[in-house]
Amino acid sequence: MKEFYNIAIIGGGPGGIASAVESVILGIQDVILFEKGDGHSTTIRKFYKDKKRVDKDYKGQKIELNGNIYFCDGTKESTLDLFDKIIKENCFEVHFNTEVESIKKKGDLFAIQTANNATIKAKFIVISIGKMGQPNKPSYPLPSSLKNVINFNANTTQDGEKILVVGGGNSAVEYACVLSQTNPITLNYRRTEFSRINETNQDNLNVCLQSQKITPKFGIDIQKIEDEKGKPKVYFTDDSSEIFDRIIYAIGGIAPIDFLKKCNLQLNEDGTPIVGDDHQSSVDGIYIAGDILFKNGGSIAAALNHGFHIIQSIKARL
Ligand SMILES: Cc1cc2nc3c(=O)[nH]c(=O)nc-3n(C[C@H](O)[C@H](O)[C@H](O)COP(=O)(O)OP(=O)(O)OC[C@H]3O[C@@H](n4cnc5c(N)ncnc54)[C@H](O)[C@@H]3O)c2cc1C
């Protein structure tokens, strides 16, 4: 990866692919696309049945295609083939298995951090992460009676609660350090070294550990969790067990709405990002394409059109 790009595209579904392809067609250099799955179009690959019929005017939404991608009625397989072909024909830099964790504005540029700890800078961002992403869950069962106190973000924590944060990436460490100002925090990571976190988080973690604001449980895994009178009782692999008020898992796969909040984007009441006619979000330079703009689901054709219009706007600003 280079250090600097004109456009960084987050998400390799129809909205992201269209943004990348339209950039190449308009001659924009230095465009990079990040996709967290191991190939493009994870939603289509994972959630469509094999041989599913794919309608261009999905659910009766009649859409005239404005861009350069010729998408028509077909099947799951023919749609994936089309995207394979146009990605190959329009060379742009694409990184699979690369989840973007955060986007921060630094002066006139954005710093994009990935879960595998790479950082690049870009002038413009297109977010097209769809709505199907879910936080990763642990392999052992979680008692459904505890669903209100076993969370995958820190949105519902209350001051003073005894909290177990589970994970070894930037999100887990950020949750643990911030919450340790107001709560007794235990941080559990199955490894002993935090090799994926950035320097700032490493420094903050060291300070919290030294001041004993965070109790470490490193190099230890969780065996099981039981409901102990409405609270999670956690059994660790070192044969210890402890009761907490709440558990927060931060083991990858941020939910779309949490991702948007992390990027400091203003949202409507229904959780969709606020955008202008040109699809620019409340943060100058961040554009939004595809399903995350719709409360009740969009379509491939709509996402392709968003990519086309966004890139026209960005081209005019470059
Ligand atoms: C079962 C089903 C059937 C459908 N049938 C049709 C149909 O027949 N016709 C039609 O037009 N539409 C159909 N749709 C809707 C269509 O699939 C979506 O409208 C379209 O995929 C939206 O494209 P998108 O780019 O916005 O999001 P997505 O296709 O969801 O792509 C988002 C991509 O972003 C990636 N991603 C998410 N977070 C990150 C991150 N932090 N970092 C890096 N990558 C990330 C995801 O892995 C994913 O590949 C169907 C949807 C479903 C679920």
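The values are calculated or read from the model by the stated rules, or taken from the named source; none is laboratory data. Remember, predicted model here, so these are calculated numbers, not experimental data. Note that each Cβ is placed from the backbone with ideal geometry, even for glycine, and that neighbours are counted across all protein chains shown.
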- Residue ID - farthest from the ligand (Cβ to nearest atom), chosen from residues in region 278-309 that are charged (D, E, K, R) and free of Cβ contacts under 8 Å to residues at least 40 places away in the same chain: D284
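Quick one: count up the residues across region 257-277 that are among the acidic types (D, E) and within 13 Å of the ligand (Cβ to nearest atom).
Narrowing region 257-277 to residues among the acidic types (D, E): 258, 269-270, 277.
The next check asks that each one be within 13 Å of the ligand (Cβ to nearest atom); those that pass are 258.
Here the count works out to 1.
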- Tell me, yes or no, whether region 174-182 has at least one residue that is small (G, A, S), in a strand (DSSP E or B) and more than 23 Å from the chain's Cα centre (by Cα). no
- Message: Report every pair of residues separated by at least 6 positions or lying on different chains whose Cβ atoms are under 7 Å apart, first residue within region 42-55 and within 17 Å of G130 (Cα to Cα), second more than 6 Å from the ligand (Cβ to nearest atom).
- Response: I44/K76; I44/T79; I44/L80; R45/G39; R45/L80; Y48/K76
- Per the filter on region 210-248, residues hydroxyl-bearing (S, T, Y) and touching a Lys or Arg at 6+ places or on another chain (Cβ under 7 Å) are Y235, S241
- For region 243-263, name all the residues that are surrounded by 15 or more Cβ atoms within 10 Å (Cβ to Cβ) and over 30 Å from G11 (Cβ atoms). F244, D245, R246
- Item | Test for D239: is it part of a loop (DSSP other than H, G, I, E, B) and surrounded by fewer than 17 Cβ atoms within 10 Å (Cβ to Cβ) | yes
- Task: Determine which member of the set E93, E89 is more than 9 Å from the ligand (Cβ to nearest atom) and either touching a helix residue (DSSP H, G or I) at 6+ places or on another chain (Cβ under 6 Å) or closer than 27 Å to D258 by Cα (or both).
- Result: E93
- Looking at region 53-60, is at least one residue β-branched (V, I, T) and within 11 Å of the ligand (Cβ to nearest atom)? yes
- Of residues in region 108-138 being assigned to a loop (DSSP other than H, G, I, E, B) and more than 23 Å from I197 (Cα to Cα), the one modelled with the lowest pLDDT: M132
- Residue, farthest from the ligand (Cβ to nearest atom), within region 1-11, restricted to residues that are over 26 Å from P135 (Cβ atoms) and in contact with a helix residue (DSSP H, G or I) (Cβ under 9 Å, 6 or more places away or on another chain): N6
- Of the residues in region 12-51 that are more than 9 Å from the ligand (Cβ to nearest atom) and in a loop (DSSP other than H, G, I, E, B), the one that is surrounded by the most Cβ atoms within 10 Å (Cβ to Cβ) is I28
- Query: What number of residues in region 242-263 are part of a loop (DSSP other than H, G, I, E, B) and touching a strand residue (DSSP E or B) at 6+ places or on another chain (Cβ under 8 Å)?
  - Reply: 6
- Only residues that are near the ligand (Cβ under 10 Å from one of its atoms) and β-branched (V, I, T): list them for region 96-125, please. T98, V100, I103, I112, T114
- Message: Of the conditions (1) touching a residue at least 60 places away in the same chain (Cβ under 8 Å); (2) in the same structural domain as N183 (by TED's automatic domain parsing); (3) among the hydroxyl-bearing types (S, T, Y), Y235 satisfies every one except a single condition; which number is it?
- Response: (1)
- Query: Within region 139-160, how many residues turn out to be among the β-branched types (V, I, T) and assigned to a strand (DSSP E or B)?
  - Reply: 1
